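Structure, as structure tokens:
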Amino acid sequence: MTGDVPVQCADVVPLHIDTDPGVDDLLALSILLASPEVRVTGITTVAGNASLEAVTENARRFLALAASRIPVGRGAARPLRGAPVAATHIHGEDGRHGVSLPPPIDEPPREAEEVFRHSLEKAGARIVLALGPLTNLARMLERGRDLLEHVEIVWMGGTLVQGNVTPVAEFNCFADPDAAEALLGSGLSLRVVGLDVTRRVVLRPHDLATKPFAAGPRGRMLAELLDRLMNAEAAARGERCATLHDPCAAAAVLAPRHFRFEELTLAARAGEDPDRGRLVPRDRGAGAAVPPVRYAREVDAEAVAALCMERLVRFCLEQREPTREDGCRLSH
Ligand SMILES: [Ca+2]
């Protein structure tokens, strides 16, 4: 806790978050707002885990709880092609399984492009962390690559092992495979944090037993989010545990040393089942070679789970009053 002493901007990485909250998105946001390594410059929402309306509401309510004025931009309500695909069986129709959050405190959300531009051009975001389908980023790319050329994109999505929507596809990639393909083939700086590593980062009930999650509104939210996640996984797979997909991608920003990345040249299959959303090696036959992405192959799962827990505890112990700033002190 730094009190009135501002953190030096040079020490922290300005970070834009594109997200579809989403139970595990809300955990990732909690972790990032409690992390001194980053300063969140803007949040854009995208339909994914639930409708755009629901996920945008969740982002704004979360920020009210966090007493933060980070700007929120409303993004895409549907994928580049076809109908929206939601994950309400995991996250509920409202995207947060009824977890109680306060009403939003800030003005209505702006358009995603406006917040993106503010975040990347004015606030100097160096990393874009994408925690949902890549629709918003693909749309920004369609408008020109200038804006995204100077940032690194870290995406929670894809899999080269077992899928979680179909046997071969991860949800964020399945929900908008055309957007995933646009980014994978763009040559932009991209780190992919897929199910290969995220599904190894798991919390179990005994991990939470000694944590002060019940204290205060933040603690109650975290306890409820983890409870809902464990209920959903118990119903789906028979084991009561919480897999930290989006928090794992947040950890790849905060502590990349816990991951091993491999350079791979990948494409995403679009179209319909059974291959929709599948990652495959990119065909080098057509056109110029596309630079590889950095794909997370291995993770120190214990270290990442411990980092996530430490930051969740820090988040729920911090309390501050709402301010107008969205500067260096937001996360302290
Ligand atoms: Ca998400």
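Whenever a residue of segment 16-35 is farther than 22 Å from R126 by Cβ, its partners that are within 13 Å of the ligand (Cβ to nearest atom) and of a type in the set (D, E, K, R), lying with C-beta atoms within less than 8 angstrom and at least six residues away or across chains, give the pairs P21/R96; G22/R96; G22/D246; V23/R96; D24/D246; L26/R96; L27/D246. There is at least one residue in segment 150-160 that is farther than 27 Å from P103 by Cβ, in contact (Cβ under 8 Å) with a residue 60 or more places away in the chain and surrounded by fewer than 22 Cβ atoms within 10 Å (Cβ to Cβ).
Kindly evaluate G42 against the criterion of being away from the ligand (no atom under 16 Å from the Cβ) and under 24 Å from L148 (Cβ atoms). Criteria met by G42. Count of segment 61-102 residues, restricted to those that are within 18 Å of the chain's Cα centre (by Cα), basic (K, R) and in a loop (DSSP other than H, G, I, E, B), is 2.
For segment 34-60, the set of residues classified as surrounded by 24 or more Cβ atoms within 10 Å (Cβ to Cβ) and in a loop (DSSP other than H, G, I, E, B) consists of S35, V46, A47, G48, N49, A50, listed by residue number. Looking only at segment 48-91, residues that are among the basic types (K, R), without any contact (Cβ under 8 Å) to a residue 60 or more places away in the chain and out of contact with any strand residue (DSSP E or B) (no Cβ under 8 Å at 6 or more places or on another chain) come to 2 in all. All of A77, A47 fail the test of being within 13 Å of the ligand (Cβ to nearest atom) and at pLDDT 95 or above, apart from A47.
The residues on offer are A125, A112, A130, and the sole one that is surrounded by 16 or more Cβ atoms within 10 Å (Cβ to Cβ), of a type in the set (G, A, S) and away from the ligand (no atom under 16 Å from the Cβ) is A125. Checked against the criterion of being closer than 21 Å to N164 by Cα and surrounded by fewer than 24 Cβ atoms within 10 Å (Cβ to Cβ), segment 61-76 has no qualifying residue. In segment 197-208, the qualifying residues are those that are in contact with a strand residue (DSSP E or B) (Cβ under 6 Å, 6 or more places away or on another chain) and not in a loop (DSSP other than H, G, I, E, B), and the one that is surrounded by the most Cβ atoms within 10 Å (Cβ to Cβ) is V197. So, of the residues in segment 12-26 that are more than 9 Å from the ligand (Cβ to nearest atom) and in a strand (DSSP E or B), which turns out to be surrounded by the fewest Cβ atoms within 10 Å (Cβ to Cβ)? Taking the candidates together, the pick is V13.
The residue pairs whose first member lies in segment 244-257 and is over 22 Å from A232 (Cα atoms), whose second member is away from the ligand (no atom under 14 Å from the Cβ) and assigned to a helix (DSSP H, G or I), and whose beta carbons are closer than 6 Å, counting only pairs six or more residues apart or on different chains, are A251/V304; A251/L307; A255/L307.
For segment 123-131, the condition holds for no residue, the condition being that it is out of contact with any strand residue (DSSP E or B) (no Cβ under 7 Å at 6 or more places or on another chain), in contact (Cβ under 8 Å) with a residue 24 or more places away in the chain and of a type outside the set (D, E, K, R). Residue check: is A236 within 16 Å of the ligand (Cβ to nearest atom) and assigned to a helix (DSSP H, G or I)? For A236, the condition - within 16 Å of the ligand (Cβ to nearest atom) and assigned to a helix (DSSP H, G or I) - is not met. Residues in segment 167-178 that are away from the ligand (no atom under 14 Å from the Cβ) and in a helix (DSSP H, G or I): 2 in all. Within segment 164-214, how many residues turn out to be over 16 Å from P79 (Cα atoms) and touching a Cys at 6+ places or on another chain (Cβ under 7 Å)? Adding up the residues that qualify gives 9.
For the condition touching a Leu at 6+ places or on another chain (Cβ under 7 Å), away from the ligand (no atom under 16 Å from the Cβ), touching a residue at least 40 places away in the same chain (Cβ under 8 Å) and not polar (S, T, N, Q), D207 does not qualify.
The values are calculated or read from the model by the stated rules, or taken from the named source; none is laboratory data. What you see is a predicted model, and the numbers here were worked out from it, not measured in a lab. Cβ: placed from backbone, ideal geometry, glycine included. Neighbour counts: every protein chain shown.
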